[in-house]
Amino acid sequence: MKYNMIGYGSLMSHTSLIESCKNKRFIPVKIKNFRRIFNIQEINLKSDILNLKKEKKSKCNAVFFKVNEKELAEIKEREDWYNFEEAQVYHFKTNKNLGKAFISIDYSVLIDKKGYNPNKTYFILCREAAYHISKEFGEFWDKTTYTSKGERIDKWIRKYKEYDTIN
């Protein structure tokens, strides 16, 4: 059996995804009514990783790919503090409805209440994966991704140039 999956952070990176499943064909997509936000505090670190937050009229880009039962189990183990639920998926360029796919979302377990910056290594991995898909996709990622303090990444990164590896 095959399952539809969405990657909006490290799962957009083939380098990172290979830990759970190999050789996936990505389709660039958008998901609506969700905001991508660095608001999950890494255990024992004063930095954040990505999450989704339900929010009307928000949208973000991601990648759509198919997994088998074993790969889905491995992703769920890897993303163990997240809840898995389905969201409607739309093709990034055409906005064609592609159906539903699993997303990972944390509502309360590790939510950052202090406003930490993103984990630098993780941030660079995710952002470079977005720009690897295309410049347009990467710029959209910057405009639809937020820090835990609510700052949009395309503006925030001007203050944190050490996070900017995109030329």
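Just so you know, all these numbers are worked out from the coordinates, no wet-lab data involved. For clarity, every value in this text was computed on a predicted model and none was experimentally measured. Please note: Cβ atoms are built from the backbone with ideal geometry, for glycine as well, and neighbour counts cover all protein chains shown.
Which one of Gly115, Gly138 is on the phi > 0 side of the Ramachandran plot and either touching a helix residue (DSSP H, G or I) at 6+ places or on another chain (Cβ under 8 Å) or touching a residue at least 24 places away in the same chain (Cβ under 8 Å) (or both)? Among Gly115, Gly138, only Gly115 is on the phi > 0 side of the Ramachandran plot and either touching a helix residue (DSSP H, G or I) at 6+ places or on another chain (Cβ under 8 Å) or touching a residue at least 24 places away in the same chain (Cβ under 8 Å) (or both).
Does Ala130 count as small (Gly, Ala, Ser), in contact with a helix residue (DSSP H, G or I) (Cβ under 7 Å, 6 or more places away or on another chain), touching a residue at least 12 places away in the same chain (Cβ under 8 Å) and surrounded by 15 or more Cβ atoms within 10 Å (Cβ to Cβ)? Break it down into steps so the answer makes sense when it comes.
Details: small (Gly, Ala, Ser): yes; in contact with a helix residue (DSSP H, G or I) (Cβ under 7 Å, 6 or more places away or on another chain): yes; touching a residue at least 12 places away in the same chain (Cβ under 8 Å): yes; surrounded by 15 or more Cβ atoms within 10 Å (Cβ to Cβ): yes.
Taking the combined requirement at face value, the residue satisfies it.
If the condition is being touching a strand residue (DSSP E or B) at 6+ places or on another chain (Cβ under 6 Å), over 17 Å from Ile124 (Cβ atoms) and among the acidic types (Asp, Glu), then the range 35-80 contributes Glu55, Glu79.
Identify, please: which residue in the range 133-159 is part of a loop (DSSP other than H, G, I, E, B) and not charged (D, E, K, R) and is, among those, surrounded by the fewest Cβ atoms within 10 Å (Cβ to Cβ)? Restricting to residues being part of a loop (DSSP other than H, G, I, E, B) and not charged (D, E, K, R), the top hit is Gly150. Show the residue pairs that are 6+ apart or on different chains and have beta-carbon atoms under 7 Å apart, the first residue being within the range 59-81 and in a helix (DSSP H, G or I), the second being surrounded by 12 or more Cβ atoms within 10 Å (Cβ to Cβ) and among the small types (Gly, Ala, Ser). As it stands, the answer is Glu71/Ser20; Glu74/Ser20; Ile75/Ser20; Arg78/Ser20, since those pairs meet every condition given.
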